[in-house]
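Trainee: Got a structure for you, questions after.
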Amino acid sequence: MARSAKGERHFGEGMADLRAEMTRFAEANGHPLSEAHQIVCAVCGSSLFKLETDAAGNGVAARCLSCPKYIYIQGSQSRLVGDLEECLCDCGNNELQVMMGTSCQPDSSRAEWVYVGGYCPSCGMVATYVDWGL
Ligand SMILES: [Zn+2]
Ligand SMILES: [Zn+2]
């Protein structure tokens with residue numbers, strides 16, 4: 001099983017274009033992006049990951065492609081249930097550069113929505129793959 005991107009597809013050069021697409025997606029979702037940053041492996045420094053989510057799509061595990069590190073984005077370890085599905089670009093590539101973003105309530109810094117997007121180094125597609133409310 002594989003999960004494809006949500007919403008619009010755009011093509012770009014990297015993280016700046018991915019952030020722009022995630023900003024559009026979050027705006028349309030009613031929870032605008034407050035902050036976003038690229039995911040980099042804390043162990044080996046790699047920026048290429050395979051993304052996995054569950055049937056409900058309420059979390060993401062990012063698997064580093066250069067070392068055994070799993071990054072559970074924003075508490076996803078306790079959210080993911082059952083079999084996980086791999087996120088796949090439209091071109092068939094599953095090795096993505098990843099950005100995670102949050103939407104915070106206007107009166108606090110508490111995150112209320114999480115977005116995980118990917119940039120495909122093979123074809124340049126930038127898109128949001130998984131988003132969930134906290
Ligand atoms: Zn790593
Ligand atoms: Zn692609």
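The values are calculated or read from the model by the stated rules, or taken from the named source; none is laboratory data. Since the model is a prediction, treat every value here as computed from it, not as a measurement. Quick reminder, even Gly has a Cβ in these numbers, built from the backbone with ideal geometry, and neighbours come from all protein chains shown.
Trainee: For the structure I just gave you, tell me whether LEU96 is crowded, with 19+ Cβ neighbours inside 10 Å, in contact with a strand residue (DSSP E or B) (Cβ under 8 Å, 6 or more places away or on another chain), closer than 20 Å to PHE11 by Cβ and touching a residue at least 60 places away in the same chain (Cβ under 8 Å). Reasoning before the result, please.
Mentor: Values: crowded, with 19+ Cβ neighbours inside 10 Å: yes; in contact with a strand residue (DSSP E or B) (Cβ under 8 Å, 6 or more places away or on another chain): yes; closer than 20 Å to PHE11 by Cβ: yes; touching a residue at least 60 places away in the same chain (Cβ under 8 Å): no.
Spelling it out, it is not the case that LEU96 is crowded, with 19+ Cβ neighbours inside 10 Å, in contact with a strand residue (DSSP E or B) (Cβ under 8 Å, 6 or more places away or on another chain), closer than 20 Å to PHE11 by Cβ and touching a residue at least 60 places away in the same chain (Cβ under 8 Å).
Trainee: Tell me which residues, restricted to segment 74-93, are free of Cβ contacts under 8 Å to residues at least 24 places away in the same chain and crowded, with 16+ Cβ neighbours inside 10 Å.
Mentor: SER76
Trainee: Can you pull out the residues in segment 95-109 that are touching a Lys or Arg at 6+ places or on another chain (Cβ under 9 Å) and either away from ligand 1 (no atom under 16 Å from the Cβ) or among the acidic types (Asp, Glu) (or both)? Reasoning before the result, please.
Mentor: First pass over segment 95-109, keeping only residues touching a Lys or Arg at 6+ places or on another chain (Cβ under 9 Å): 95-96, 99, 101, 104.
Across segment 95-109, the qualifying residues are GLU95, MET99, GLY101, CYS104.
Conditions (1) surrounded by 15 or more Cβ atoms within 10 Å (Cβ to Cβ); (2) within 16 Å of ligand 1 (Cβ to nearest atom); (3) at pLDDT 95 or above, marked per residue:
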| residue | (1), (2), (3) |
| --- | --- |
| LYS50 | yes, yes, yes |
| TYR72 | no, yes, yes |
| VAL114 | yes, no, yes |
| GLY117 | yes, no, yes |
| TYR129 | yes, no, yes |
| TRP132 | yes, no, yes |
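Trainee: Please enumerate the residues belonging to segment 48-79 that are under 16 Å from GLY117 (Cα atoms), within 16 Å of ligand 2 (Cβ to nearest atom) and in contact with a strand residue (DSSP E or B) (Cβ under 6 Å, 6 or more places away or on another chain).
Mentor: The answer is PHE49, LYS50, LEU51.
Trainee: What are the pairs with Cβ atoms under 9 angstrom where one residue, in segment 1-25, is closer than 17 Å to GLN38 by Cβ and the other, located anywhere, is modelled with pLDDT under 95 and among the small types (Gly, Ala, Ser)? Sequence gap at least six, or different chains.
Mentor: Within 9 Å, the pairs are GLU21/GLY7; PHE25/GLY7.
Trainee: Starting from residues that are in contact with a strand residue (DSSP E or B) (Cβ under 9 Å, 6 or more places away or on another chain) and small (Gly, Ala, Ser), keep the ones in segment 99-108 and report whichever is farthest from ligand 2 (Cβ to nearest atom).
Mentor: SER103
Trainee: Residues being of a type outside the set (A, V, I, L, M) and touching a Phe, Trp or Tyr at 6+ places or on another chain (Cβ under 8 Å): count how many of those fall in segment 5-40.
Mentor: Final tally of qualifying residues: 9.
Trainee: Mind listing just one residue for me: the one in segment 1-28 that is in a helix (DSSP H, G or I) and basic (Lys, Arg) and, of those, nearest to the chain's Cα centre (by Cα)? Steps first, please.
Mentor: Of all residues in segment 1-28, those in a helix (DSSP H, G or I) come to 15-28.
With the extra rule that they be basic (Lys, Arg), the set shrinks to 19, 24.
Details: ARG19: 11, ARG24: 14 Å.
Only one residue fits best here, namely ARG19.
Trainee: Could you say which residue among GLY75, GLY59, GLY30 is touching a Lys or Arg at 6+ places or on another chain (Cβ under 8 Å) and within 26 Å of SER109 (Cα to Cα)?
Mentor: Result: GLY59 is the single residue among GLY75, GLY59, GLY30 that is touching a Lys or Arg at 6+ places or on another chain (Cβ under 8 Å) and within 26 Å of SER109 (Cα to Cα).
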